[in-house]
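Below is one structure; the comments refer to it alone.
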Amino acid sequence: MKKVYRVVLIGFLLAYCHPVLAQQTEKKEVKGNLHTVIHLKNGETAEGYLQNYFTVGGFAVSTSYRIPSALDSVMRIKMDNKMFERSMKYRNQEVDSMITWYDAHPDIKMKWEPRPVDFGFGGNGSVIEDYPAMLLVVYEGNHVKGYLSFYPGFGFKYLFMMGDMPYAKAFLVPNQKFSERRRKTLLDTFYMYPEMEDFIKSLTKNAIKEDPLCILKKLDQLVTEE
């Protein structure tokens, strides 16, 4: 399984938990909340446990994720993750980047970056907030970056950003069946790169399932060759 799936599955799927008070193990590992280091633009750092979370409703069952959503304009952390401890708050505009991991999996680090985002697909209109969203980095090429984020009402989406783009742009939904409608969305999204047309038209369901970021890898290859 590719690295991006390892990050997403262990990072996000392990976060399928309800927002209850985290418990300490004998090794003083915090369960559930992400151990977080925030790197600020002024050169300072802050460390603690991330308190941001959101809940997704489902049929008879809701799932809570202890990660930022695209609607969070502030990151909140607690140094010791105690119930009545005051949270330290940092506006996304102040943050350069953020590194998170679970204490039980310290070798799996997740990098986040604040970016302006457009969650609208293709030519279906824009969905833009007036502040940068904290996005999980899932791909870093020579010229293209790939992100993953959740927007309430729109769900999880992959986004990309490159060059002088003003926003990170949504292009694909994780684990969604790859349909001809989604193929058309991709063609509309990458219309400014004619070389991508044949590649997108040749994509198969299995190719997307195996590596959804193959689209960004191809785009990065084309831009690099230019």
Quick check, is residue 142 under 15 Å from the mean Cα position of the chain (by Cα) and part of a loop (DSSP other than H, G, I, E, B)? no
Could you figure out which of (1) at pLDDT below 90; (2) buried (at least 16 other Cβ atoms within 10 Å of the Cβ) isn't true of residue 192? (2)
Taking residue 159 as the residue in question, decide whether it is in contact with an Asp or Glu (Cβ under 9 Å, 6 or more places away or on another chain), open to solvent by 30 Å² or more (accessible area, probe 1.4 Å) and closer than 16 Å to residue 214 by Cβ. no
Examine the range 90-99 for a residue that is at pLDDT below 95, open to solvent by less than 10 Å² (accessible area, probe 1.4 Å), in contact with a Phe, Trp or Tyr (Cβ under 8 Å, 6 or more places away or on another chain) and assigned to a strand (DSSP E or B), and state whether such a residue exists. no
Quick one: in the range 39-68, of everything that is open to solvent by 70 Å² or more (accessible area, probe 1.4 Å), more than 15 Å from residue 99 (Cα to Cα) and more than 17 Å from the chain's Cα centre (by Cα), which residue is modelled with the highest pLDDT? 42
Note: among 94, 113, 140, just one is in contact with a Leu (Cβ under 9 Å, 6 or more places away or on another chain) and under 26 Å from residue 226 (Cβ atoms), namely 113
Would the range 120-132 turn up any residue that is modelled with pLDDT of 95 or more and part of a strand (DSSP E or B)? no
Residues of the range 48-90 being more than 18 Å from residue 136 (Cα to Cα), of a type in the set (Asp, Glu) and touching a residue at least 12 places away in the same chain (Cβ under 8 Å), which ones? 80
Residues located in the range 100-123, provided they are under 29 Å from residue 172 (Cα atoms), open to solvent by 20 Å² or more (accessible area, probe 1.4 Å) and among the acidic types (Asp, Glu): 107
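The values are calculated or read from the model by the stated rules, or taken from the named source; none is laboratory data. This structure is a prediction, so every number in the text was calculated from the model and none was measured. Heads up, the Cβs are rebuilt from the backbone with ideal geometry, glycines too, and the neighbour counts pull from every protein chain shown. Each accessible area value is taken on the protein alone, full model and side chains, heavy atoms only, with ligands, DNA and RNA left out. Shrake-Rupley method; radii C 1.70, N 1.55, O 1.52, S 1.80 Å.
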